[in-house]
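Right, one structure below, let's go through it.
Read-outs: derived from the displayed coordinates by stated rules, not from any lab. Keep in mind that what you see is a predicted model, and the values were worked out from it rather than measured. All Cβ positions, even for glycine, are placed from backbone atoms using ideal geometry, and neighbour counts span all protein chains on display.
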Amino acid sequence: MDVLVIGGGNAALCAALMAREAGASVLLLEASPREWRGGNSAHTRNVRCMHDAPQDVLVEAYPEEEYWQDLLKVTGGITDEKLARMAIRASSGFRDWMRRHGVHFQPPLSGALHVARTNAFFMGGGKALVNAYYRSAEKLGVQVRYDAPVDRLEIKDGRFVAAWVGDERIAAQACVLAAGGFESNREWLREAWGQNERGEWPADNFLIRGTRFNQGVLIRFMRDAGADMIGDPSQSHCVAIDARAPLYDGGICTRIDCVSLGVVVNNQAQRFYDEGEDFWPKRYAIWGRLVAQQPGQIGYSIIDAKAVGRFMPPVFPGVKADTLPELARKLGLDEAIFVQTVGDYNAACREGTFDHTALDDCHTEGLTPAKTHWARPIDTAPFYGYALRPGITFTYLGLKVNEHAAVHFGGQPSDNLFVAGEMMAGNVLGKGYTAGVGMTIGTAFGRIAGAQAAKAALNSGATHAAAH
Ligand SMILES: Cc1cc2nc3c(=O)[nH]c(=O)nc-3n(C[C@H](O)[C@H](O)[C@H](O)COP(=O)(O)OP(=O)(O)OC[C@H]3O[C@@H](n4cnc5c(N)ncnc54)[C@H](O)[C@@H]3O)c2cc1C
């Protein structure tokens, strides 16, 4: 075997396709059964792409510099400019290659128009994307094995030798690691988040938005094997999602996006943050952490009839009531405190011209915390409440790479072990997030890792042939 690819999501598939296209024999090992293949990539919707002029599904222009500035802003500078710019530049050429492997794109639907310029949407979402890649890979002769979780590697002098799936040893000339983050590993999340001042283990109440198979086994293995690491283990992308979502794989339909249209209270029926601070996606990216800091790691997004129709409706209807005391009872909140909290908020609202598409002038006065935009009294029945929990998207801890996506040991790049996707995204995205950049990093470095692995394998084959 020339190239072994470990993982079965976008980064792994991009690597496998590139290695195969370069002439290498390729085996891909996916931990999950076939029906759950594709990891978090199966939950995605779009990829962020730079472009200098309108292009197929993308309107206007999104130049390299603007993309870079966006990344700089969200990461607060915790990024490697060289690697980031490589990924950004590569994103302009993705779509032709993706189409060749059966991926289709579509214009964004209403509700996502604010990203029509920056993000290309996959027709049928990430599930259709990974299915297309698997089809193309199999057609090209990539061998795929499901139910094949790798639990350890054999590494000698910084070179990959073999991978182990239980008792089975699989040797290859080169290897690409693309096995995602450790977000599905609840024990590890517990350890990373620790215990709070109330004696709670907040991570026990987190939900995992994506696959259950990203247990971080190889991140931990590589860390213990002395690979150079990057990223803070306690950092993860975390959003507020429907508390009724399943523990794993709830995906994007568990999103609750009416926070800015009402108030959010904790289980003490108290508000705790400015619900009108900013637009989606900035708002989206901070509420997971805010809810994680509340007692019991739960929040309740409260709206009235005026808000209905102004946000993407969640899959499950909210708890509905004709009066505020009834809503409190149904949500299990203290009735008197809840009515007081909403009453105080209502009395503090200074209504101007409500405009949900701009940072409008509807705000509160004399209220702590303030609501700085879109503040309108919650006074029109029926009232609705949605319980919120922190939903983990992915973690940031990974392996350090260079421009060839090579794994490093003591500052030295391995010449046959490469890494792509979430396992190295922390090189570009040290913290924060901007929609669609996960797939940019995975596609850019998946392709680089695959090409490099093929090169390493085919060169080592040539060296061996010459030696004999
Ligand atoms: C709900 C949701 C929506 C998202 N939406 C977007 C979006 O629209 N755009 C965007 O850019 N990003 C989005 N993201 C982030 C995006 O999913 C990731 O950045 C990207 O999918 C990472 O790709 P990956 O291939 O590295 O990991 P994954 O797609 O998670 O793949 C990892 C693979 O490795 C396998 N695996 C794990 N351990 C092992 C092992 N030991 N042995 C063998 N295989 C193993 C898993 O089964 C899985 O197939 C979203 C994430 C979630 C959870």
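Values for this structure:
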{"read-out": "Amide H contacts under 5 Å for Phe394, placed H, 5+ residues apart", "value": "His237"}
{"read-out": "For Cys253, Cys349, order by how many other beta-carbon atoms lie within 10 Å, fewest first", "value": "Cys253, Cys349"}
{"read-out": "Cα pair distances exceeding 31 angstrom across the chain, given as percent", "value": "45"}
{"read-out": "The range 238-391: mean projected area of Cα convex hull, nm²", "value": "8.0"}
{"read-out": "Under the Karplus curve 6.51 cos²θ - 1.76 cosθ + 1.60, θ = phi - 60°, whole-Hz ³J(HN,Hα) for the range 65-82, x wherever Gly or Pro sits", "value": "4, 5, 4, 4, 4, 4, 5, 4, 5, 5, 8, x, x, 7, 7, 9, 4, 4"}
{"read-out": "Ranked list, fewest to most other Cβ atoms within 10 Å of each Cβ, for Glu65, Glu197", "value": "Glu197, Glu65"}
{"read-out": "Violating pairs (Cα-Cα greater than 20 angstrom) within the set Lys320/Lys371; Lys371/Lys431; Lys82/Lys127; Lys306/Lys371; Lys82/Lys400; Lys73/Lys371", "value": "Lys320/Lys371; Lys371/Lys431; Lys82/Lys127; Lys73/Lys371"}
{"read-out": "Relative packing of 200-212, 127-139, which averages over residues the other C-beta atoms within 10 Å, highest first", "value": "200-212, 127-139"}
{"read-out": "Antiparallel content of DSSP bridges confined to the chain, in %, to 5", "value": "75"}
{"read-out": "Protection proxy ranking, peptides 93-101, 184-192, average beta carbon neighbours within 10 Å, highest first", "value": "184-192, 93-101"}
{"read-out": "Relative contact order of the chain, defined on C-alpha pairs under 8 angstrom at six or more residues apart (%)", "value": "23"}
